[in-house]
1. Which whole number in µm²/s is D for the range 161-222 by Stokes-Einstein, with the Kirkwood Rh taken over Cα pairs at 10 °C and 1.306 mPa s?
2. Using a simple spin-label model with points 7 Å from Cα along the Cα→Cβ vector, what separation in nm is obtained for D146 and V49?
3. For N170, which sequence-distant residues (separation of 5 or more, or a different chain) have an amide H within less than 5 Å of its own amide H, given hydrogens modelled in the peptide plane?
4. Report P(r) for the chain: all Cα-Cα distances, bin width 20 Å, range 0 to the bin holding the largest distance, values in whole percent.
5. Roughly how many nanometres apart are two label points built 7 Å out from the Cα toward the Cβ at K352 and K383?
6. Please identify every one of the GluC sites (Glu not before Pro) in the range 151-248 that sits in a loop by DSSP and has no more than 16 other beta carbons within 10 Å of its own beta carbon.
7. Have a look at the DSSP beta bridges in the chain and tell me what percent are antiparallel, nearest 5.
8. What's the percent breakdown of Cα-Cα distances in the range 3-112 across 5 Å bins, shortest bin first?
Amino acid sequence: MKIVDVETIVVAPPPPAFGGSYWIFVRLTTDSGITGLGEIYGVPFLPDVVKLMVDEIAEKSVIGSSPFDIEKMWREIYSRNFTQRPDGSVVPIISGIETACWDIMGKETGQPVYNLLGGKLRDGCRSYTYIYPNEKQGSEVYSSLDLSIERALVYKEMGFSALKFDPLVNYSAFDPHSPTAETLDYIHKFVGGLRGALGPSVDLLIGTHGQMTPAGAIRFAKVVEEFDPLWLEEPTPPEMPEQMAQVARGTSVPVATGERLVTKYEFARVLENRAAAVLQFAIGRVGGILEAKKIAAMAEPYYVDIAPHLYAGPIEAAANVHLATATPNFLIQESIETMGNFHSAILKKPLKWENGYLYPSDEPGLGVELNDEVVKAHPYTGKDLHLSMTNIEGWHYRKVINKK
């Protein structure tokens with residue numbers, strides 16, 4: 001069996017576009033007519049540029065290869081042009097191609113991907129969602145305590161037992177900073193208000209994005225410790241896990257990190273420095289399913305959990321769930337609400353979410369196929385990247401906490 005075609009598919013989710021400005025999928029086709037899907041996440045270039053990168057990599061290292069030869073293909077692409085180091089542009093492309101190979105292998109062998117990864121350890125995977133606004137609320141939900149509580153109670157009623165929110169809101173190209181006393185007072189009221197409204201039956205996940213210095217993050221953590229959050233996510237920027245380790249040592253709140261890291265090599269530094277208790281790789285960025293499985297295995301003897309990241313489309317979500325199903329040290333899976341709306345509409349058969357859990361498909365491969373009519377109806381024509389940081393030096397917070 002040989003791969004004979006690699007197609008790049010770009011989709012623009014309609015408003016509110018939870019999951020990013022666009023999703024980039026790859027579809028591989030073999031000489032026997034089997035197709036496989038993967039997803040590319042987080043390349044810091046517009047989709048047209050990414051497509052050119054995929055085409056070149058496919059021509060040099062994918063077309064004519066067997067989808068079963070993942071290790072060989074992975075090393076050839078990773079080492080191209082004598083680079084051979086973690087790279088946030090090339091590795092996400094490897095990720096999409098590699099994931100599509102697993103989809104093909106599952107279809108060829110008649111097995112769901114989780115069976116190829118070691119077999120089913122759990123029927124469903126506990127999930128959490130960000131606190132997103134409804135159609136009437138808009139972005140104020142991220143800074144208004146009353147609106148956040150209103151939405152959080154809706155999610156609790158749906159069946160979620162864990163919710164994430166980012167009380168710092170803005171991500172700046174000039175981060176990291178140290179929070180002010182006023183900011184810490186805001187954080188204390190915000191996190192305390194959610195804990196009071198939700199009670200102990202819902203875990204609170206605090207999602208910062210590398211916005212603080214180590215000293216500032218420790219002050220932040222001490223303010224929220226009494227509310228027993230499940231984790232403090234990426235408190236310092238991703239490039240220096242040695243600094244993040246200072247935060248981990250300075251607080252009882254578990255530190256989580258990994259959405260911006262690529263390959264086992266970057267995660268090895270996190271583990272060696274004891275910088276985090278939870279690893280949040282994104283399969284569409286980290287190097288694919290096998291690379292994620294290796295990282296999870298590296299984390300297991302450190303008693304470190306995995307919680308796959310998701311701010312992308314449903315193909316990465318399906319890959320996450322298959323991996324989580326077959327991984328012993330899985331903690332919780334990020335979900336974009338209940339994986340309904342456009343995440344559902346773009347698939348022929350939606351992912352199964354029920355009462356706080358995501359379930360893997362038992363069909364061969366990943367068990368998901370794109371609805372090509374929906375794909376064609378939603379082309380991306382914008383000029384924005386998937387995610388953008390502000391150019392504001394410092395943070396801006398709402399001072400009125402309880403304004404509806």
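Readers should treat all values here as calculations from the given coordinates under stated rules, not as data from a laboratory. Owing to the predicted nature of the structure, the values given are computational and were not obtained by experimental measurement. Don't worry about glycine lacking a Cβ; one is built from the backbone with ideal geometry, like all the others, and counts go over all protein chains shown.
1. Numbers: Rh = 12.4 Å.
D, rounded to a whole number, is 128 µm²/s.
2. Once both label points are built, they end up 4.4 nm from each other.
3. Amide H to amide H, under 5 Å and 5 or more residues apart or across chains, N170 pairs with H396.
4. 28, 60, 12, 0
5. In this crude spin-label approximation the distance works out to 4.6 nm.
6. Numbers: sites: E157, E182, E225, E226, E233, E239, E242; in loops: E239.
Taking the range 151-248 and a limit of 16 other Cβ atoms within 10 Å, the loop GluC sites (Glu not before Pro) found are E239.
7. Values: 20 of 41 bridges.
In the chain, approximately 50 percent of DSSP beta bridges are antiparallel ones.
8. That works out to 2, 12, 23, 24, 18, 12, 6, 2, 0, in percent per bin.
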